[in-house]
Amino acid sequence: MSVAHQGPATGEAGQEPTRPVTPLWITGVVLVNLGINAAFFAPLQVLLGLQAAVLDPGQKEGILALVTGAGAAVSLVANPIFGAFSDRTASRFGRRVPWVVGGAVVGALGLIALAGVPDVALMTLAWCLVQAGCNGAYAAITAAIPDKVPVARRGTVGGLAAMGQTVGILLGAVIAAVVSGNLWLGYGLAALALVLGVVLFALRSDDRPIHRGDVPPLAWGPFLLGFVRPLAHPDFRWAWITRLLVNIGNHMITLYLLFFLTDAVRLKETEGIAAETGVLILTGLYAVFVIVTSVIGGRISDRMGRRKPMVILSSAIIATSALILAFSPTWVGGLVGASVLGIGFGAYLAVDFALITQVLPNPEDRGKDLGVINIANSLPQVIAPAIAWPFVTLWGGYLSLYVAAAVIGLLGAVFVVRIKGVA
């Protein structure tokens, strides 16, 4: 093996798995995803905003933007970096477990630190610590799936992992809702969910170790170039672009949902429902359908033995949800649109994950390459607001915004056809 590759000669650990995983192992993966997302979204949905208002009520919007923006920047870097290091980790506990457990511990410590920070600078630092820890755990648990799950079952397991993510988001919302502004309790519960979520996987991961002698010396130049090299593979590149576009479209649909209900639907006037309550209802409805279709869509794809038709169909359904909102700016339209979006995005999460694991250039670099793929999840959080704002304010309002979101999402469906190595 050339030194330039910079991946470990992992032997059996780097080969395509053939033995089926146990339900207990799958449950461990689901719980890790649940814990990570609870730890992310309890702060993002409520706790960070409340804390920003406590620190400086007059600058709360700017504080929240600074803190979440810094965290997003850490996420973009941490996921591929920690994924790459997990590929090279030689420990008696395996390659992925140390990063899942260590990331959860670091993230939990960051959450506890957040509860007691006295100023904006330390708040930003603590949230970046949470992002670094959670992304380390997420990079490792994502790579564990192609490490252990045969190709024919990855749609099903990917769907269950997506279900865990969605339930984690709902748990985060519940935590944020029940703590009644008690930051210590809120951050403590989020930290507890994160740590408890990794226990089963840590105990029953069957994460096979690699030998230190099989890991080549680290040369930083080739190591860093390794994050760009996968994009030279056409199938990987088109899969990355597809995920980026679909996620941009999805973020554009959900970004201004509160203002859409306030200004376009006029929910308070037409239905007597507060816009904030409307967002909670639509989010819950969306989440329910994501949970259902992520599991069903993954199983259908496994039985078909094909991925691209399901990715195209789910992308088209997501685009349809945007068009429903564009041309029916009503409460009923919102309910239908949220349901359709959940149906499409749930199926997409499961099937696209399975597709991506089949276009990874080298099985020995799964953690790194999936980390590069995960940039296509994080980057839309930065790109979507920049695209959406001029549509809402300058180019036709919510009609043009949601039509543009539909077009961008459909481009993802078009580009997935360019992938040649997966049916």
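Observations, loosely collected:
- Sparse-neighbourhood loop sites, trypsin sites (Lys or Arg not before Pro) in the range 180-277 - DSSP loop, at most 14 other Cβ within 10 angstrom: Arg266
- Efficiency of FRET from Cβ geometry, Trp184 and Ser91, R₀ 35 Å, rounded to 0.05: 0.55
- If the segment from Ala219 to Val417 were pulled out straight at 0.36 nm per residue, it would be longer than the present Cα-Cα gap by 67.6 nm.
- Classification of the range 296-388 by its C-alpha gyration tensor yields an oblate form. The axis ratio a/c (a ≥ b ≥ c) is 1.5 or more, and b/c is at least a/b.
- Taking label positions 7 Å along the Cα-Cβ direction at both Ala177 and Glu276, the computed distance is 1.3 nm, reported to one decimal.
- Loop-located trypsin sites (Lys or Arg not before Pro) in the range 124-176 (DSSP state other than H, G, I, E, B) with a sparse environment of at most 11 neighbouring Cβ atoms within 10 Å are absent.
- The stretch between Asp206 and Glu269, if pulled fully straight at 0.36 nm per residue, gains 17.0 nm over its current Cα-Cα span.
- Efficiency of FRET from Cβ geometry, Ile383 and Glu16, R₀ 35 Å, rounded to 0.05: 0.55
- Straight-distance candidates among the aspartates and glutamates for linking to Lys420, with alpha-carbon spacing under 20 Å and chain neighbours fewer than 8 residues away dropped: Glu16, Asp235, Asp302, Asp352, Asp369.
- Kirkwood-type radius of the chain, with distances r between different C-alpha atoms, in Å: 21.8
- Per-peptide average of other Cβ atoms within 10 Å, ordering 352-363, 394-405 highest first: 352-363, 394-405
- Estimated 222 nm signal from helices in the chain, with DSSP H stretches of n ≥ 4 weighted -39500 (n - 2.57), rounded to 500: -24500 deg cm²/dmol
Values in this text are rule-based calculations from the coordinates and carry no lab data. The model shown is predicted, which means the values in this text are computed figures rather than measured ones. Note: ideal-geometry Cβ built from the backbone for every residue, glycine included; neighbour counts use all protein chains shown.
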